[in-house]
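The values are calculated or read from the model by the stated rules, or taken from the named source; none is laboratory data. Predicted, not measured: the structure shown is a model, and the values here were computed from it. No Cβ is skipped: glycine too gets one built from the backbone with ideal geometry, and neighbour counts run over all protein chains shown. Calculation scope for accessible area: heavy atoms of the full protein, side chains included, ligands and nucleic acids excluded. Shrake-Rupley method; radii C 1.70, N 1.55, O 1.52, S 1.80 Å.
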Amino acid sequence: MNQPDQFSPIADHGLIGDLQTAALVATDGTIDFYCCPRFDSPSIFAALLDRKRGGYFRIAADEPDCVTKQLYFPDSAILITRFMTDEGVGEVIDFMPIDQPKIATAHHELVRRVRVVRGSMRFSLACAPRFDYGRHAHELAMAERGAVFSTPDLTLTLHVDTSLATDPSLHADTTQMPDAMQLTRRENDVYATFTLHAGQVATVVLESSAENPPGTISAHAVNDMMLKTAQFWRNWLERSTYRGRWREMVSRSAMTLKLMTYAPSGALVAAITTGLPEQIGGERNWDYRYTWIRDASFSVYALLGLGYTEEAGAFLQWVNDRVKEHADEHRAAPPLKIMYRVDGSSDLHEEVLEDYEGYLGSQPVRIGNGASDQLQLDIYGELMDSIYLADTQGIRVGHPGWMRIREVLAWLSDHWDQPEEGIWETRGGQQPFVYGRLMCWLAFDRAIRIANHHGLPADLPRWMATRDAIYQQIMEKGWNAKRGAFVQHYNTDVLDAALLMMPLVGFVSPQDPMWRSTLRAMDGELVSDSLVYRYNPSASPDGLRGHEGTFSIATYWYVDALARSGRLEEARFTFEKMATYANHVGLFAEQIGLTGGQQGNFPQAFTHLALINAAINLNYQLDHGAGRVDLDQVSSARG
């Protein structure tokens, strides 16, 4: 088995993880993206970005004509890749055990359980790690039942259960004796071929920072790991209070978000990957393995809407810790970065992997994110909305936290009316984006509500005056009478899908004539067969070459806006139609390409957050009629 000769499509992947890191498993049995020991650590396997330099870990049927299928074990993050040939049916079961996930550790396990359920099958194995994006060479030490890949910074131990025991859940073919798995070395990689018959199982584990030598595993122990992992996910799903339509879709999205959450801090990464292109062959390739402040309000709404108050509280605590570190009304620099690493640090220096070929030739491949130092004023509205949403559900901010919030709002009072890069992190220069102003309005509106509700100390006259000034400015400068619509920024007539949030946050009524006119304009310019572009880059240059696909989160915002505007049947049809663009296991990337394929980093948290929120709100409105939906209404309807 040689290095991959072609890239697996982005959509042809399932996700496994242990709440500190995660891996992508392609439908051909290849793990082609995995960073260790954290989501934002350097890669071990990254063949998804470079077939030669990236590294991979494949276990697959050693047959030229093989049909593959991939699915999740029900209500779990245990992934099954099935191989079907004329001679038999085999499976590779992949998962990562979850043990004390809130304690940060360098110890992680990729478990790969191989079995044949019918007939017989010959498998091939190739484990070819490439540490630090292939920039650090490693040493290889072979053992009878495994191998050790080592660098000064990280050690990986490959365990192989050579006994090839039988699976008690299957009818074993006792007339055929299993072959022992013989590992061979080629340069610093490990290979093997082996044959299994019905009922037989082989076990392979790749362990980081292992305490025991290679081969110290057994089929029984791994089977116990799998049962405990399945039980963890079932117990977690049972906590969900969602009982509406699209329950399976919502549950898979919720588990995906859980898999993308760094348990020690509660931070949610935007995506598992870096460098996957928004346009095949283009330069719109970013590193999304970090946590955006912007995700806070969307995450909190989704988690609270599903009943996951512990997870919502953990993310809020992570956000509040960032405010604590930076809040100072007298400093000129913004009190918050727009994104952070999962541990809260903010060193996201952007660099290019010059030697990487990129997915299907899409260059450059970037690690780090230069947008982290941009001014994006919308994050303050999303921050305050998350705090407000939590407050409505009984999760109150404490006194020290409220004092820091006052400092943030004091800074925002002095700085809201200035150009910025905006929600889409454009690299074509700062502009007075309407969405940024909208979110500044939201920040003051939500803070005023919290202060009034609890009688908290606040500079209410200043906050109210600022809120009203922002509202007036948006109405005067953000409205383009010629277009009959609210536009992207004050110096353009281009539309922006981010403004679908206007009725969702209560800035305008869904029935307001100005909003209905804006929605009609978006129907004609941004919507393509129910899918929504975020804006037109050719009409509003963003500093980058090329185009992009439809933006999946914008499509779900569109669903919500349609429903609240009274177009419920259109909203439901759009939601159902969008579901057909999910991959085979219900996962979404950032965008949908012209031919319906997934584009951009994968899976994308923003998309799954928006899916959950749209499902919650649309389900409620289908039962109770169109209009605005609040979490307390949803909670009352549930129970």
How far, in degrees from 0 to 90, does helix 378-392 lean away from the longest principal axis of the Cα atoms of the chain, to the nearest 10? 90 degrees
The local net charge around Asp355, scoring Lys/Arg +1 and Asp/Glu -1 for residues other than Asp355 whose Cβ lies under 11 Å from its Cβ, equals 0
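Which shape class applies to segment 190-333: rounded if a/c is under 1.5, otherwise prolate when a/b exceeds b/c and oblate if not, where a ≥ b ≥ c are the square roots of the Cα gyration tensor eigenvalues?
The shape class here is prolate.
Run the helix sum for the chain: -39,500 (n - 2.57) per DSSP H stretch of 4+ residues, divided by residue count, reported at 222 nm to the nearest 500 deg cm²/dmol.
-10000 deg cm²/dmol
With the cut-off at 1.5 for a/c, could you classify segment 19-88 from its C-alpha gyration tensor as rounded, prolate or oblate?
oblate
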Residue by residue through segment 612-622, which ³J(HN,Hα) values in whole Hz follow from phi under the Karplus form 6.51 cos²θ - 1.76 cosθ + 1.60 (θ = phi - 60°), with glycine and proline marked x? 4, 5, 5, 5, 4, 6, 5, 4, 5, 6, 5
If you count only protein heavy atoms and use a 1.4 Å probe, how large is the accessible surface of Tyr471, to the nearest 10 Å²? 90 Å²
Using the heavy atoms of the protein chains and a 1.4 angstrom probe, tell me the accessible area per residue for the chain in square angstrom. 37 Å²
Applying a 10 Å radius around every beta-carbon, put 252-262, 559-569 in order of their mean neighbour count, most first. 252-262, 559-569
Could you work out how far the C-alpha centroid of segment 184-225 sits from that of segment 102-118, in angstrom? 10 Å
Ranked by accessible surface with a 1.4 Å probe, highest first, in what order do Trp411, Trp424 come? Trp424, Trp411
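Considering only Cα-Cα distances, which of the following residue pairs are longer than 27 Å: Lys69/Lys577; Lys228/Lys324; Lys477/Lys577; Lys228/Lys577?
Lys228/Lys324; Lys477/Lys577; Lys228/Lys577
If you average the sequence gap of Cα pairs under 8 Å that are 6 or more apart and divide by the length of the chain, what percent do you get for the contact order? The partial results should precede the final answer.
Details: 1457 pairs, mean separation 78.7, N = 639.
About 12 percent, as a whole number.
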Can you send over the solvent-accessible area of His107, 1.4 Å probe, protein chains only, in Å² to the nearest 10? 70 Å²
Taking protein heavy atoms only, a 1.4 Å probe, and rounding to whole percent, the accessible area of the chain owed to carbon and sulfur comes out at 47 percent
Rounded to whole angstroms and listed largest first, the alpha-carbon spread of segment 323-447 along its three principal axes comes to 51, 31, 28
Is there a quick way to get the dipole size of the chain? I mean about its Cα centre, with the Cβ of Lys and Arg at +1 and of Asp and Glu at -1; what is the value in debye to the nearest 20? 1260 debye
For segment 292-349, size of Cβ-based charge dipole, Lys and Arg +1, Asp and Glu -1, in debye: 160 debye
Could you put Lys324, Lys482 in order of accessible surface area, largest first, with the 1.4 Å probe and the full protein assembly present? Lys482, Lys324
Ordering Glu278, Glu87 from largest to smallest accessible area (1.4 angstrom probe), what's the sequence? Glu87, Glu278
Helix 295-305 vs. the chain, principal-axis angle (Cα, 0 to 90°, nearest 10): 80 degrees
In whole percent, the Cα-Cα distances of the chain spread across 10 Å bins from 0 upward as 3, 16, 26, 25, 16, 9, 4, 1, 0
Apply the Karplus curve 6.51 cos²θ - 1.76 cosθ + 1.60, θ = phi - 60°, to the phi angles in segment 550-556 and return the couplings in whole Hz, x for Gly and Pro. 5, 9, 5, 5, 5, 5, 6
At the level of C-alpha centres, the distance separating segment 447-473 and segment 136-151, in angstrom, is 61 Å
Once both axes come from the Cα atoms, what is the angle between helix 434-454 and the longest principal axis of the chain, in degrees from 0 to 90, rounded to 10? 80 degrees
